[in-house]
Amino acid sequence: MSEPLKFQYEVDGDNFTSAGQASVQVKKVLRRLGLDPETIRRVSIAMYEGEINMVIHAGGGEAEVLIYEDSIEIILRDKGPGIADIDQAMQEGFSTAPDNIRSLGFGAGMGLPNMKRYTDDMQIESTVGVGTTITMRVNL
Amino acid sequence: MTVEQLAQCDGMCALACPAPEREICGVYIGDLLSWVMGRAEADNVWITIMSNVNIIAVAALADTACIILAEGVTLEPSVLETAMAKEINVLQSAKPIYETALLLHELC
Ligand SMILES: Nc1ncnc2c1ncn2[C@@H]1O[C@H](COP(=O)(O)OP(=O)(O)OP(=O)(O)O)[C@@H](O)[C@H]1O
Ligand SMILES: [Mg+2]
């Protein structure tokens, strides 16, 4: 099998207004590759939710996107506080977002559920005090 | 109906219309961004009162046809610039959300 196409991005934890740039970049790449619009939508929304979470909850991190012949893999790594109770975090409506973030329209507690819904597989590895790695896969 | 045609309706005003030919299909209403990303469909009109720059990214990723800011909500010049750069249509409705939705119901 041929090597996957690989893209890497730094996600800046301080700049909230530019958050989402990596996802917008990836969307452009997928468009250029000629993938169908619904797949592009699923991949880029799932990645954006993860990217925003790294900015809001983890002070930034890094994103890697691997495009295989039959799937796309998105890996998001941060060195934030980690998630103590993953089952709880996955519940619709659960959020620890502070008020200033909520006033921007985030903090509905729907990001992780969206990531799960829009991808074919999602794995969360998290250690409190060390960080979080989320791996998502969308089949083509 | 296209975004340009919608912009010409009574009570509507185009704040940024970089993709006027875009066809609209269906409506989603909401201010919580993750709800919008989870529930809005491509080509929807998205009615909201949120006006910070993150709505532009959300509209781009969710692939909505246009944002309508209800209640006469406006955009900061820097957000308008981002909308133009990302080719996101943004209209303004002088009316509240409910009346704006009723108008869309008549139109499409
Ligand atoms: N990368 C992360 N590091 C640490 N905690 C996280 C991370 N991602 C998510 N969380 C925790 O999981 C909770 C739920 O995340 P989720 O994305 O579903 O909701 P939210 O970000 O709070 O709100 P929304 O995504 O709807 O704007 C967060 O409030 C936060 O406590
Ligand atoms: Mg989130």
Taking the condition more than 14 Å from chain B (Cβ to nearest Cβ), out of contact with any helix residue (DSSP H, G or I) (no Cβ under 8 Å at 6 or more places or on another chain) and away from ligand 2 (no atom under 16 Å from the Cβ), does A:Glu38 pass?
no
Residues that are within 12 Å of chain A (Cβ to nearest Cβ) and not β-branched (Val, Ile, Thr), drawn from segment B:64-80:
B:Glu76, B:Ser78
Tally up the residues in segment A:110-132 that are within 14 Å of chain B (Cβ to nearest Cβ) and either in contact (Cβ under 8 Å) with a residue 40 or more places away in the chain or near ligand 1 (Cβ under 7 Å from one of its atoms) (or both), please.
8
Restricting to segment A:80-93, give me the number of residues that are open to solvent by 60 Å² or more (accessible area, probe 1.4 Å) and in contact with a Pro (Cβ under 8 Å, 6 or more places away or on another chain).
2
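Every residue in segment B:88-108 that is closer than 22 Å to A:Pro37 by Cβ and at pLDDT 95 or above, please. Quick ask: steps written out before the conclusion?
Of the residues in segment B:88-108, the ones closer than 22 Å to A:Pro37 by Cβ are B:88-90, B:108.
Correct list: B:Ile88, B:Asn89, B:Val90.
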Can you tell which of A:Ala22, A:Ala63 is within 16 Å of ligand 2 (Cβ to nearest atom), modelled with pLDDT of 95 or more and open to solvent by less than 40 Å² (accessible area, probe 1.4 Å)?
A:Ala63
Counting just the residues of segment B:1-16 that are in a loop (DSSP other than H, G, I, E, B) and open to solvent by 50 Å² or more (accessible area, probe 1.4 Å), which one comes out nearest to A:Glu38 (Cα to Cα)?
B:Met1
Being more than 10 Å from ligand 2 (Cβ to nearest atom), part of a loop (DSSP other than H, G, I, E, B) and within 10 Å of chain B (Cβ to nearest Cβ) is the filter; apply it to segment A:94-109 and report the residue that is least open to solvent (accessible area, probe 1.4 Å).
A:Gly105
Identity of the residue in segment A:1-19, in contact with an Asp or Glu (Cβ under 8 Å, 6 or more places away or on another chain), among the hydrophobic types (A, V, I, L, M, F, W, C) and away from every other protein chain (no Cβ under 11 Å), that ends up least open to solvent (accessible area, probe 1.4 Å):
A:Val11
Output for segment B:48-63, where each listed residue is within 9 Å of another protein chain (Cβ to nearest Cβ), farther than 17 Å from A:Ala19 by Cα and surrounded by fewer than 21 Cβ atoms within 10 Å (Cβ to Cβ):
B:Asp63
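Determine whether A:Ile67 is of a type in the set (Val, Ile, Thr) and near ligand 1 (Cβ under 9 Å from one of its atoms). It would help to see each step written out before you state the result.
Numbers: of a type in the set (Val, Ile, Thr): yes; near ligand 1 (Cβ under 9 Å from one of its atoms): no.
So A:Ile67 fails the test.
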Filtered residue count, segment A:28-60, keeping only those that are away from ligand 1 (no atom under 11 Å from the Cβ), on the phi < 0 side of the Ramachandran plot and open to solvent by 20 Å² or more (accessible area, probe 1.4 Å):
9
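Check whether at least one residue in segment B:69-79 is within 16 Å of ligand 1 (Cβ to nearest atom), closer than 22 Å to A:Asn53 by Cα and open to solvent by less than 40 Å² (accessible area, probe 1.4 Å), and report yes or no. Explain how you work it out, then say what you get.
So the first thing to find is which residues in segment B:69-79 are within 16 Å of ligand 1 (Cβ to nearest atom), and the list is none.
For segment B:69-79, residues within 16 Å of ligand 1 (Cβ to nearest atom), closer than 22 Å to A:Asn53 by Cα and open to solvent by less than 40 Å² (accessible area, probe 1.4 Å): absent.
The values are calculated or read from the model by the stated rules, or taken from the named source; none is laboratory data. Bear in mind that the values here come from a model prediction, so they are computed numbers and not experimental data. Reconstructed Cβ throughout: ideal geometry from the backbone, glycine too, with neighbour counts over all protein chains shown. When the accessible area is computed, the model is the full protein with side chains, heavy atoms only, and any ligands, DNA or RNA have been set aside. Shrake-Rupley method; radii C 1.70, N 1.55, O 1.52, S 1.80 Å.
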